[in-house]
1. Among the lysines, select those whose C-alpha is under 22 Å from the C-alpha of Lys125, and discard any that sit fewer than 8 residues away in the same chain.
2. Determine ³J(HN,Hα), in whole Hz, for all residues of region 10-19 in sequence, where each value follows from phi through the Karplus function 6.51 cos²θ - 1.76 cosθ + 1.60 and θ = phi - 60°; x replaces Gly and Pro.
3. Could you give me the ³J(HN,Hα) list for region 50-65, computed from phi with Karplus coefficients 6.51, -1.76, 1.60 and θ = phi - 60°, whole Hz, x at Gly and Pro?
4. How far is it, in nm, from the label point at Ser87 to the one at Asn64 when both lie 7 Å from their Cα along the line to the Cβ?
5. Along the principal axes of its C-alpha atoms, what lengths does the chain span, in descending order and rounded to whole Å?
6. First measure r as the distance between the Cβ atoms of Met50 and Val3, then evaluate 1/(1 + (r/R0)^6) with R0 = 41 Å and state the FRET efficiency to the nearest 0.05.
7. Please compute the length gained on full extension between Phe22 and Arg57, using 0.36 nm multiplied by the number of residues separating them and subtracting their Cα-Cα distance.
8. Net charge near Ala88, counting Lys/Arg +1 and Asp/Glu -1 over other residues with Cβ under 14 Å of its Cβ?
Amino acid sequence: MTVQLFAALYPWTKALHLIAVFAWMAGMFYLPRLYVYHTPAPVGSDRSEMLKVMERRLLRAIMNPAMILAWLLGITLVLTPGVIDWSAGWWHGKMLGFLLMTGLHGHLAAARKGFERDERRHSEKYWRVVNEGPTILLVLIVVMVIVRPF
């Protein structure tokens, strides 16, 4: 019964997983960009305080729930019989990308707490470079899932 239920819900699970990933990625692209703008903002300025609100809301209301859903739905997809050929190597690459994306998410979340305390631990240039990370990881993940090079 459980196998049939997983199989019957597979298209919906996959669609919801992709929606969650898209929402998560939107935040992953935007939050480091907010940090680029926040870094030079004078402590206590209206701009700095506005960015704190934007960063907190983006992380808590969009990114965290989307990441959690992406993980839960992804695990559900993996548990669906016949979806993954465990002898293939592509899923290792996808999981590496997903784990790195989760680690980057954690780094961004920790940085948000620093900005909340008016700490500027990194330069604008640093955040501009970090802003490229989600794109590189997204390319890795999509290529692994669609092309399945190994």
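1. Within the straight-line cut-off, Lys125 pairs with Lys52, Lys113.
2. Values per residue, Gly and Pro as x: 3, x, 5, 4, 5, 4, 5, 4, 5, 4 Hz.
3. Result, ordered by residue: 5, 5, 4, 5, 4, 5, 4, 5, 4, 5, 6, 8, 10, 5, 4, x Hz.
4. 4.4 nm
5. 58, 30, 17
6. Numbers: r = 51 Å, r/R0 = 1.24.
Computed FRET efficiency for Met50 and Val3 comes out at 0.20.
7. Value of the extension gain: 10.9 nm.
8. For residues surrounding Ala88, the net value is +1.
Since every read-out is calculated from the coordinates, none of them should be taken as a lab result. What you see is a predicted model; the values in this text were computed from it and never measured. Ideal geometry is used to build each Cβ from the backbone, glycine not excepted, and the neighbour counts take in all protein chains shown.
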